[in-house]
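Heads up: the structure comes next, in C-alpha cells.
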Amino acid sequence: MTEQANKTPNRNAAQVRRAKARRRWLINVAVIVVVVGAGVGLWWSRRSRSDSPAGLVTGTATRRDLTETVSATGLVTAQTGAMVKIGSQITGRIKRLYADVGDQMKAGEVIAELDVPDLNAQVRQTEATLALNRSRLTEQTSGVALQDTQTATDIDRAQAGVALAQTSLNQAQQTANLQMATAEAALRQAQANATNSSASLARTQQLFDKGYVAAADVDNAKAQAEVNAAQVASAQQNVQLVRAKVEADLASARDQLRQAQSALAASQAGTAQPIIKRVQVQEAQATVRQSEAALAQSRAQFDKAFIRTPIAGTVIQLAQQQGETIAAGLSAPTVIIVADLDRLQVDAFVDETDIGHVKLGQPAVVTVDAYPDRPFPGRVAKIASGATMQQNVVTYDVTIALDNPGRLLKPDMTASVTITIGGKQDALVVPIDAIKPTPQGPTVVQQTTDKTGKASYPTVAVKTGISDGDYTEIQRGLQEGDVVVLAGQVPGVNSQQTAPRFGGPLGFGGGGHGGRGGRGGL
C-alpha cells in the first residue's frame, strides 16, 4: 500500500513538468510569430508608402442599374374644379351653419342658412296676391254665362276703368323710364370699371415684362379685369331684362287700357254682358300669370338664403361664423371653402435647367413633411409653358397627378418631388467622385499594378452617360473591375486633378444642375 502511494506522487510530478514544458513551447512559438509578423508588417508598410500614397481612396468599376431623376419642391393643390370658395349672393345674417371644418358634404347640400325676413315676407305676399287673383278669375269665369242688360252703372264703371287704365299706363311709363335709366346707369358704371381694369391690366403687364412687379400682380389685375368684364355682361343682361319687363308692363297697361275702352264702347253701344265678362276673364287671366311670375321670382330670391355646395368634398375652412352678417356686393363674400381631397395634385417648381428633360407621363414620387417615410407615387400630368420666379430663380410649374389614399394629403402642404427622367439597366458605372472634368472632356485616374506589384496611376479619358448623383455611367474608357482613384494625392498627377473627396477645385463630388443628378455624354 505504501509502495503504491509512493508511485502516485512521482507520476503527478512528471505530468506537471510536461505541462510546464508545453506552455514554455507555446509561449516561444507565440513570441516568434509576433516578431515575424512585426517584421513583415514593417516591410509591407515601407513598401506601401513607396507604392500606394497614404490617404488614397479608390473605387471599382462595376455594373448596376441607374435611374436619372429631377428633384423639385412644390405645393399640394386641388385640381381644377376640386376646390370652391362658396359665397352668398344676397345680404343677410347667418342664421345657421350646417357644416364645420372637416365635415364631408354632398353636392347640393345646404351648408348655411341666412336670416332674411324681408324675402320671406315677400314670398308670403306674392302667394296671397296669387291666391286672390285666382279667386277673382274663378268669379269672372263663372259670370260669363250671365246675360244681364247693360245699365248706366255699367257704363260709369267702364269709364272709371278707362280712367284707371290710363292712370296705370302713365304710372307704368314713368316707372319704366326710371327702371331703364337705373339699369343703363349701372351698365355705364360697369363699362367704366371694365375699361379702367383693362387699362390697369395693360400697365401691370408692361411693368411685369420689365420685371418691376411680380406675376401675382398680373394675375390679380387679370382677375379684376375678368370680374369687371363679367359685371359688364351682367349689367347688359340686366338692361335687357329690365327692357323686356318694362315693355311687358307697358304692353299689359296698354292692353288694359284698350280693354277698358272696349268695355266702355261695348257698354255705350249696348253690348251684351257676356262680352264684358269675357274681357274681364282675359284681364283676370293676365293678372294671374303676372302673379305667378312674381311668385317664382320671389321664391328664387328667397332660395338664395340657403347656401349650397356645388361639389362634394370636405370643408377645409370657414370664413364666416354663425350670427355674422354678410354684405353682398359686386363680388360674393366667401362663407366656406370646400375641397374634394380625392382630387389633389402637386404643383412642382422645376428649375429651367431641368425642364427640358421633363416629359408628360413620366413617373414621379412625392413626399411631404407630415409623412416623410410615406411616398406617394404619381406622374407628370401638365407642364407649364410660362415661367415662374421662385427666389429669383426661373422655374416652370409641373403638375403631378397622384392618388390620395386615406386622404392623408391636404391642400397647401409643402411637397418634395422626384421625377424619373431616364434610366439604364446593367450599366458600367464608377462612383461620381472618380469623374474629373477637364477642358478636353471627363477623365479618371486609374490605378494599375504591374507584375512586380508596383502601382501606377495613368489618367484615362472616358465617355460618360447618365448619372444618379452617386454613380456615373462609363460608356467608353474603362472595363468592369478597373480600379479608379476617388480622392487623395497621387505622385506625378496634378493636384488640381486629384481633389479631396466631396469637392475640390474641379469638383470631384456631386453632379447635375439644380435638383437633377449629373448628366454625362461629354
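Residues in the range 453-479 that are surrounded by 17 or more Cβ atoms within 10 Å (Cβ to Cβ) and either charged (D, E, K, R) or on the phi > 0 side of the Ramachandran plot (or both): Asp468, Gly469, Glu473, Gly477. Residues that are among the polar types (S, T, N, Q) and modelled with pLDDT of 90 or more within the range 321-349 comprise just one, Gln345. Of all the listed residues (Thr367, Thr388, Thr395), the sole one being touching a helix residue (DSSP H, G or I) at 6+ places or on another chain (Cβ under 7 Å), over 14 Å from Leu344 (Cβ atoms) and assigned to a strand (DSSP E or B) is Thr388. For the range 275-329, the tally of residues that are in a helix (DSSP H, G or I) and over 30 Å from Asp249 (Cβ atoms) stands at 0.
When the range 389-427 is examined, which residues are found to be hydroxyl-bearing (Ser, Thr, Tyr) and closer than 27 Å to Val338 by Cβ?
Thr399, Thr414
Only one of the listed residues (Val315, Val358, Val350) is outside the structural domain of Ala158 (by TED's automatic domain parsing), closer than 30 Å to Met105 by Cα and among the β-branched types (Val, Ile, Thr). That residue is Val315.
The values are calculated or read from the model by the stated rules, or taken from the named source; none is laboratory data. Note that this is a predicted model, so its numbers are computed, not measured. Here the Cβ is made from the backbone with ideal geometry for all residues, glycine too, and neighbour counts use every protein chain on show.
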